[in-house]
There are 6 protein chains.
Amino acid sequence: MKTVVVRNIHRTDAALVKRLGALGASTVHEAYGRIGLMKPYLRPAWAGGEAAGSAVTVLTHPGDNWMIHVAVEQCRPGDILVVGCTADNTDGMFGDLLATSLKARGVVGLVIDAGCRDVKSLREMGFPVWSKAISAKGTVKATLGAVNVPVVCAGVNVYPGDAVIADDDGVVVIGRKDAGDVAAKAEKRHADEEGKRRKLAAGALGLDMYNMREALASAGLVYVDGPEPD
Amino acid sequence: MKTVVVRNIHRTDAALVKRLGALGASTVHEAYGRIGLMKPYLRPAWAGGEAAGSAVTVLTHPGDNWMIHVAVEQCRPGDILVVGCTADNTDGMFGDLLATSLKARGVVGLVIDAGCRDVKSLREMGFPVWSKAISAKGTVKATLGAVNVPVVCAGVNVYPGDAVIADDDGVVVIGRKDAGDVAAKAEKRHADEEGKRRKLAAGALGLDMYNMREALASAGLVYVDGPEPD
Amino acid sequence: MKTVVVRNIHRTDAALVKRLGALGASTVHEAYGRIGLMKPYLRPAWAGGEAAGSAVTVLTHPGDNWMIHVAVEQCRPGDILVVGCTADNTDGMFGDLLATSLKARGVVGLVIDAGCRDVKSLREMGFPVWSKAISAKGTVKATLGAVNVPVVCAGVNVYPGDAVIADDDGVVVIGRKDAGDVAAKAEKRHADEEGKRRKLAAGALGLDMYNMREALASAGLVYVDGPEPD
Amino acid sequence: MKTVVVRNIHRTDAALVKRLGALGASTVHEAYGRIGLMKPYLRPAWAGGEAAGSAVTVLTHPGDNWMIHVAVEQCRPGDILVVGCTADNTDGMFGDLLATSLKARGVVGLVIDAGCRDVKSLREMGFPVWSKAISAKGTVKATLGAVNVPVVCAGVNVYPGDAVIADDDGVVVIGRKDAGDVAAKAEKRHADEEGKRRKLAAGALGLDMYNMREALASAGLVYVDGPEPD
Amino acid sequence: MKTVVVRNIHRTDAALVKRLGALGASTVHEAYGRIGLMKPYLRPAWAGGEAAGSAVTVLTHPGDNWMIHVAVEQCRPGDILVVGCTADNTDGMFGDLLATSLKARGVVGLVIDAGCRDVKSLREMGFPVWSKAISAKGTVKATLGAVNVPVVCAGVNVYPGDAVIADDDGVVVIGRKDAGDVAAKAEKRHADEEGKRRKLAAGALGLDMYNMREALASAGLVYVDGPEPD
Amino acid sequence: MKTVVVRNIHRTDAALVKRLGALGASTVHEAYGRIGLMKPYLRPAWAGGEAAGSAVTVLTHPGDNWMIHVAVEQCRPGDILVVGCTADNTDGMFGDLLATSLKARGVVGLVIDAGCRDVKSLREMGFPVWSKAISAKGTVKATLGAVNVPVVCAGVNVYPGDAVIADDDGVVVIGRKDAGDVAAKAEKRHADEEGKRRKLAAGALGLDMYNMREALASAGLVYVDGPEPD
């Protein structure tokens, strides 16, 4: 492994990140063709947190958070830190001191394929974290990893500068160069959904609204009456 | 598999459902002889939600929510939708558009042996969902399943019209024809518990209240003194 | 197995327990040399609960909570009940009646390597529980276990009278005779962290504050510039 | 729960069971419309075991194998024992003594949604078992369940007398009255596969053999050339 | 944590270990009152391996196998190495070089609450290993742990010198001072089982052999006839 | 997602693949700096299988194996098929018909982050598969994915043409351009290990061979004598 820190990465345009964040993970994920979603075992450390940022990536080893300390220096306002690990690990690699430091630099959140701790403080600070586990287990600073190289985090390969949208529904990663296209598609989808929501609330059926009845019949769906009253 | 939709099912009497719902999943489960409980991996999408309804059942395939759309039309006020899947799946088969549609029809909640999404909206709408995962992953509409046939959901075989009681403790299913008997037993149990609760709060021991001492002694339980003070 | 109840155990000094509890699980765990942490699959039944107490230990069999009833009698104010099980089990061995009884005796919380139920009531009572699962599944009273013998709970061997510190970050167990030393170290650590937190909030880098740069360089870390602007 | 033993159940015709067993779990599952498959966490206790039989069903509680002893008496030659449990459990409910007893009665195998033990003996006896875990953990005989009622086992609702086909690919359950139809379809499928297998072995492409190219193109699949040689 | 290596531990008498090993994990576990069994997620790295030895214990940190190297020196012929870890970890802490070294010292096997690798070589060497995972992931040598202190491994607290019996059914730990008593009880149990096995093979029912019928009836078990022939 | 098939990819040099394969997954993984290892939940469908090839990559959706059929056409002798999935899935996407087709084209194995089936046939054919599950569950052909784009499989981002080394220890991926360097380092490591193995077999201690004693002492390791004989 190249034990390297890459400086001066390209970031997703901040205005695009903002537009994507306003739409939320599920809508963005759909607009991106249903790819880019991290595994659902990643959960928010506290409910209701939301974050959208440009990724600074970190590659760590199990039980070792040295490279997170290294990564802090590379962060700028609007970034989100994305931490992958070379093997399964639930140790509490991240806590309130690192969050304080990231917040001071304008970082909007953390996504980590391992554990975090100091959950109460993180919630009070309003610093959102998505992690695989909550664990008080402390870590060492013994082995080098890398910063701002592509890392796999919870099943998604993240490039430095990718747009990351995270909320209660999960974490979605959009390629930096795809962000504009996806934002436009997602906004259209969002607008369409508003109309659908009103119709459904008024009692319309999706079966009719989406014109499903013919396809269902030709696929062989049969309607039968239930049993006689008993 | 019969790709069928059964209409006009028998439902559990609404008054019985209401009585069962007032008692909660744990009490009802005990009164039913400790059966009918779905696996504890099903969790509420938002804490504090409660629902009691008569089951409309749906059988789906992994990554495919077509039949949920079909099922909506079969729902009536007081129903609860119960979705099984032919294989393990965590995709977000259900979100706020479907919830809007179900709510418009008077459906009281959803139980799904797969994933859901739009958690924030569901909480704001007050539409309770119990699911295996929260996942933004979208699904296709490609393969038929069935509506209102018996389905296994989280380890329990659910018949259309069964009573389903769900809260923070989990999801319990009561056979339609057993509902009256179970409601009566559960109410008696609930009444008994009130008295026990008062006694225990006043300092009584369960050992005495339940007359356990003799059985424990005859089973061989021995009391010994601990070590000397150090 | 000796089916025994040990009375009159030695407890951790209440003042030490209080000091440890004020510091929280993560800080105490670090001060103890990163041991004593239960597995992170133990989660609080309701968010925000905190407890620090002297352990009364219980050994149970799967699906059987008889010995918890036996243990209640051995509890004193300031105790925390720690329940191990001879095999994996998620059944709801503990609910609001037992919580009422424990609260009446001054017990501050429960840690159980199995399931609990009546979550809503526990939250309303303010009785904190850390468990492996939430499950309405009721249990029998058929097989003897033991009270106040050493038990393994979620990966940690707990002796009767050990100090147990539990919060949103997890559950840490401190040997009774180590409690004074650990409290002193943890308080020093806590005081140090306050200063660090202020510096980091003001923009200092951990890289400098912890003097990491030299060690990183000698381990071979290389900084490179990112790609040209595109 | 009705603590009941049902005698004299209807069984699937032995000749049909034999035909289904000769085809194997995967082929039968496909012919049945891709339903009836138990969850893949059920694994053979020893590789290579195969069984096909008519189900005698057992409902147990966690850590309690009393009802398996009761069920033995209800078994006849050609039966396969299917054991469900009211909650998750990995205890070793079944071992070589019970296997000896079942074998003496002509039972062809065991499927259990819990643990088994004595794996070495089972392999030496040639008695095939599909289980959720292998565990030496012994169980009690304290709580009644039922025999020959419908039970959910590893996600499938099994009726007494259903056909159960189990091999290295898993366990499939066929409704007793569907067995003839499924056997016919599965045999046709098997015959078709032989022809396909020969063509594919000779170099034919599934793309052509299944006429997929047009559907792929109309769905939007695009072929592009890879990068220039480097 | 005390970073200590304890030399000259007491070991379980070799003759007792041999007697226990001859009986196997399941029988020994039963004779010990159904305690001492490690969690069933520990599995043999290769099927059919068996080991019985006196425990040399190791406490490691995730991703760090330094202390295993330290422990080798403390091993004597007839020992079995038992490795616990302060947090969940699946890394391959143990491979064929360490196995070669242990074998040279007469060690009979390894039990590790983490991962192992070089499975093919281990099988060819005939060196049995029980582990939580098989993983090629290499580990560092950065953090001290301990040797020959009590360690929790897969849910069991193991003292140096305890008897460890491992086979396809799992891993059981017997307290050093209990080994004689347990060996005697287990041998009696084994002898009794031989007689039972013969009777069962001859067609006797456990219901009769264990005199269960009366207890079942008084517990409320009811026998009913099945449906009419169809 | 781009629903694209990339033809004419660059492959890892066949001679390099052969050299890497001869060394095995664990040695190659170490030589690569302990990266590139897929998660240990991937297991061989049959023990003892080994494969080394150049990756043809496939991206699928849960429960849908359409793109595997598409990928076959792109395979050449010496390739290994690597299948990722956009969400967690255990369905049996791959069986003996596809294996027959791949074998006919000279493909050396399959790695799939989902399920496979027809295990018995795969073993008899000698076609090695590493999968997340074994499941008879059939799949549909409804949704496009991609072939020969980068895919994440079991936690590793795989580029078309990367070298993939798989055996009982797991699956390691080496970047195409790194293969030569890694092969050289791994061969050196392998040669060194032979010498170490001989020394260890002769009774040398790793503590001495690796010069660990000084580092251990300076880290604070203390040796103490055990208890007096009892």
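The values are calculated or read from the model by the stated rules, or taken from the named source; none is laboratory data. Please read all numbers here as calculations on a predicted model, not as lab measurements. Neighbour counts are summed over all protein chains in view; Cβ atoms, including those assigned to glycine, are modelled from backbone coordinates with ideal geometry. Keep in mind that these areas ignore ligands, DNA and RNA; they rest on the heavy atoms of the full protein, side chains included. Shrake-Rupley method; radii C 1.70, N 1.55, O 1.52, S 1.80 Å.
Worth a mention:
- Selection from the stretch F:68-85 of residues that are crowded, with 24+ Cβ neighbours inside 10 Å and within 11 Å of another protein chain (Cβ to nearest Cβ): F:I68, F:V70, F:A71, F:G84, F:C85
- No other residue among D:V28, D:V56 is touching a strand residue (DSSP E or B) at 6+ places or on another chain (Cβ under 8 Å) and part of a strand (DSSP E or B) apart from D:V56.
- For the stretch A:136-174, the set of residues classified as crowded, with 24+ Cβ neighbours inside 10 Å, touching a helix residue (DSSP H, G or I) at 6+ places or on another chain (Cβ under 8 Å), more than 16 Å from F:L37 (Cα to Cα) and more than 8 Å from every other protein chain (Cβ to nearest Cβ) consists of A:A146, A:V147, A:D162, A:A163, A:I165, A:A166, A:V171, A:I174, listed by residue number.
- Applying the condition of being hydroxyl-bearing (S, T, Y) and farther than 15 Å from B:K132 by Cα to the stretch B:54-67 and asking which residue is surrounded by the most Cβ atoms within 10 Å (Cβ to Cβ) yields B:T57.
- Test: residue in the stretch F:88-96 that is open to solvent by less than 10 Å² (accessible area, probe 1.4 Å), of a type outside the set (D, E, K, R), within 14 Å of chain A (Cβ to nearest Cβ) and out of contact with any Lys or Arg (no Cβ under 9 Å at 6 or more places or on another chain): no
- Hits in the stretch B:14-28 (condition: open to solvent by less than 40 Å² (accessible area, probe 1.4 Å) and farther than 29 Å from A:Y41 by Cα): B:L16, B:V17, B:L20, B:G21, B:L23, B:T27, B:V28
- A single member of F:A45, F:A51 is away from chain B (no Cβ under 14 Å), touching a Cys at 6+ places or on another chain (Cβ under 8 Å) and either small (G, A, S) or surrounded by 24 or more Cβ atoms within 10 Å (Cβ to Cβ) (or both), and it is F:A45.
- Number of the condition not met by D:R105 [criteria: (1) under 13 Å from the mean Cα position of the chain (by Cα); (2) of a type outside the set (G, A, S); (3) more than 7 Å from every other protein chain (Cβ to nearest Cβ); (4) farther than 30 Å from E:I35 by Cα]: (1)
- As a summary of the residue check, B:A99 satisfies the conditions (1) touching a Phe, Trp or Tyr at 6+ places or on another chain (Cβ under 6 Å); (2) at the interface with chain A (Cβ under 8 Å from one of its Cβ atoms) except for the one numbered (2).
- Residue check for A:V56: over 15 Å from A:V171 (Cβ atoms), touching a helix residue (DSSP H, G or I) at 6+ places or on another chain (Cβ under 7 Å), away from chain F (no Cβ under 14 Å) and at pLDDT 95 or above: no
- When the stretch D:1-13 is filtered for residues that are more than 7 Å from every other protein chain (Cβ to nearest Cβ), open to solvent by 20 Å² or more (accessible area, probe 1.4 Å) and within 14 Å of D:G175 (Cα to Cα), the ones remaining, listed by number, are D:R11, D:D13.
- Of the numbered criteria (1) open to solvent by 50 Å² or more (accessible area, probe 1.4 Å); (2) assigned to a loop (DSSP other than H, G, I, E, B), the one B:A204 fails is (1).
- Entry remark, the stretch E:32-53: residues being more than 16 Å from E:R176 (Cα to Cα) and assigned to a strand (DSSP E or B) number 3 in total.
- Total residues in the stretch B:3-29, condition farther than 18 Å from B:A51 by Cα, touching a helix residue (DSSP H, G or I) at 6+ places or on another chain (Cβ under 8 Å) and not polar (S, T, N, Q): 2
- Selection within the stretch B:193-202 - within 7 Å of chain C (Cβ to nearest Cβ), modelled with pLDDT of 95 or more and over 30 Å from C:D13 (Cα atoms): B:K196, B:R197
- Only listed residue being in contact (Cβ under 8 Å) with a residue 12 or more places away in the chain, open to solvent by 50 Å² or more (accessible area, probe 1.4 Å) and basic (K, R), chosen from C:K132, C:K177, C:K199: C:K132
- Against the numbered list (1) in contact (Cβ under 8 Å) with a residue 60 or more places away in the chain; (2) touching a Pro at 6+ places or on another chain (Cβ under 7 Å); (3) more than 14 Å from chain F (Cβ to nearest Cβ); (4) small (G, A, S), A:G63 comes up short only at (3).
- Condition broken by C:G33, with the remaining ones in (1) more than 23 Å from E:V151 (Cα to Cα); (2) of a type in the set (G, A, S); (3) open to solvent by 20 Å² or more (accessible area, probe 1.4 Å) satisfied: (1)
- Near pairs, Cβ below 6 angstrom, 6+ apart or cross-chain, from the stretch C:203-222 (facing chain A (nearest Cβ under 7 Å)) to any residue that is assigned to a loop (DSSP other than H, G, I, E, B): C:L205/A:E73; C:L207/A:E73; C:A219/A:L144; C:G220/A:T3; C:L221/A:T3; C:L221/A:L144
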